[in-house]
Amino acid sequence: GKGNYRHFMEKELHEHPVVLGDTLRQHIDPATRAVVLPPLPFDPAVVPRITFSACGSAYLAAQVGRYWIEQVARIPVDSDVASELRYRDPPLPEGGAALLVSQSGETADTLAALRLLKQRGQHVLAVVNVSESTMDRESDGTLLTIAGPEIGVASTKAFTAQLAVLASLALGFGRARGTLSAGEEARLTAALLEVPGHAAALLEKGSEIQDMAREVALARDVLFLGRGSLYPIALEGALKLKEISYIHAEGYAAGEMKHGPIALIDRDVPVIALCPSGPLFEKTASNLQEAAARGGRIMAFTDAAGAPALRRFAERVVVLPTVDPFVAPILHAIPVQLLAYHVAVLKGTDVDQPRNLAKAVTVE
Ligand code: M6R
C-alpha cells in the first residue's frame, strides 16, 4: 500500500535513499572502496564498443551511463532509443557489448533491440529491476537494480537505481581498462556511497521545491537545461513534467539553446537549469545569463560553490549538497522528479496513473 503517502509516486520518491544504498552496496565493497562486479558476458578490458538501448527514462539513464563510461573507461559508446535502434541496422563490431536498461524488463521495443543485438553477435547485459522478467531471462547476463516494486507510472527510484548500477559499471570498466587508478576509484566510490545520505537530506528540503512548483504550475511551456552528464537529467526533468502534469516541457543541452530554443524565451517560460559547480559550470552559467538577458526566468539547481554566481541573475537558486561532479547527475535527478510531482499535485492530475500511459509498454 501507500502507507501515509498520498500517492505511490510520493512514497517511491522517499525510497531513494534506501534503494540507492541497497543498489550501490551490491557493487561497492565499503571496506576496500573497490568496485566488485559479478562475472560479465564480455571482458570490459578489451570490448571494442558498447551499444546502449532503452526507452523513456531508462534511455535517459543509459545516456548518463554513456557519459560516465566514455569519460572514465574510454570505451566508445553508442546509444539509441530502442524503437530507432531496432530499425537502424547499425554496423556492430565483432564481440561488442550491448547494454539494455529497463525497469520492467518487458518493454517491447527494448526487448526487440535485445534480440536483434544478440542475433548480431553482441554480448548482451541487461540492467533490469524485475528479476525473472523476459529481458533478465533472454540476456547473457543481468545486473539487478534493487528498487523494489515501482507502482507509479512515472519512474523515480528505478531511474536513480539504474544510475547507481551504471556508475558502478563505469568505475569497474575503468579499473579493468587501466584508465582509472585505485586512488581515483576509492575517491569516486566514496562519493557514490555518500549519495543515499544526501538524497535523504534533499527529501527533507521539500518546501523550496514546492515554492518553485507553484510557479511552474502556472506555465504553459518549460525549458530544462543542462550540460554533460546533467543534459540527460534535463531531458528527464522535461519528460517527468510532461508525463504527469501535462505541461509542455523540453530538455536541451545548454549550449544548444542559442541554436533555436532561445527564440521561445520570455517571462512566461520558466528555464530550469541543472548547474552544479564543476568543469562545465562557467559554460552553463553563461548560457543561462544569455537567457536571463532576454527576460527568461531562471530557476537553478546548483551547490554552495555555484550559488553566488547564479544568484546575480537567477530568480530562484536551490542549493543542493556539494558532491563530486561524477555523482551530480544522480543527485539532481531527485529534485526534478520532486518538482514534477508537486506540479502534478497542484494541477490535480492523476499522478500515479497519467492519461494514455502504461507502466510497461509491451506493444510496439
Ligand atoms: O520498464 P522500462 O524501464 O523499460 O520502461 C521504459 C519507459 O516506458 C519508462 O521509463 C517511461 O518513460 C516512464 N514512464 C518514465 O517515467
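The values are calculated or read from the model by the stated rules, or taken from the named source; none is laboratory data. On a predicted model such as this, the values are computed, not experimentally measured, just so you know. Accessible surface is based on the protein model in full, side chains and every heavy atom, while ligands, DNA and RNA are left aside. Shrake-Rupley method; radii C 1.70, N 1.55, O 1.52, S 1.80 Å.
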Given the chain, what whole percent of its Cα pairs are spread farther than 27 Å?
-> 44 percent
Compute the whole-percent fraction of alpha carbon pairs in segment 74-130 spaced more than 17 Å apart.
-> 31 percent
Roughly how much of Arg25 is accessible, in Å² to the nearest 10, using a 1.4 Å probe?
-> 140 Å²
For segment 223-364, the percent of all C-alpha pairs falling in each 5 Å bin, from 0 up to the bin holding the max distance, is 2, 10, 20, 22, 19, 13, 8, 4, 1, 0
Based on alpha-carbon positions alone, could you give the equivalent ellipsoid semi-axes of segment 1-52 from the gyration tensor, as √(5λ), descending, whole Å?
-> 34, 17, 8
For segment 178-190, Karplus couplings with θ = phi - 60° (6.51, -1.76, 1.60), whole Hz, Gly/Pro x | x, 8, 10, 6, 4, x, 5, 4, 5, 5, 6, 5, 4
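Just the ratio, please: alpha-carbon radius of gyration of segment 167-288 over 2.2 N^0.38 Å, N its number of residues.
1.27
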Just the number, please: Stokes-Einstein D of segment 55-170 in µm²/s, Kirkwood Rh from C-alpha pairs, 10 °C, 1.306 mPa s.
-> 113 µm²/s
Largest to smallest principal axis extent of the C-alpha atoms in segment 227-290, angstrom = 34, 24, 17
Rule-of-thumb check for segment 130-214: C-alpha Rg over 2.2 N^0.38 Å?
-> 1.40
If amide H atoms are built 1.01 Å from N in the plane of the peptide, which residues on other chains or at least 5 residues away come under 5 Å of the amide H of Ile28?
-> Val36
With all protein chains present, how much of the accessible area of segment 28-120 (probe radius 1.4 Å) comes from carbon and sulfur, to the nearest whole percent?
-> 50 percent
Residue-normalised accessible area of the chain, expressed per residue, 1.4 Å probe, Å² | 39 Å²
Give the accessible area for Ile146 in Å² (nearest 10); use a 1.4 Å probe, count only protein heavy atoms, and leave out ligands, DNA and RNA.
-> 60 Å²
Scaled by the rule-of-thumb 2.2 N^0.38 Å, the alpha carbon Rg for segment 107-160 gives a ratio of 1.19
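Of all accessible surface on segment 192-272 at a 1.4 Å probe, what whole percent is carbon and sulfur?
On segment 192-272, the fraction of accessible area on carbon and sulfur atoms equals 50 percent.
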Taking the alpha carbon gyration tensor of segment 280-340, what are the square roots of 5 times its eigenvalues, largest first, to the nearest whole Å?
-> 20, 14, 10
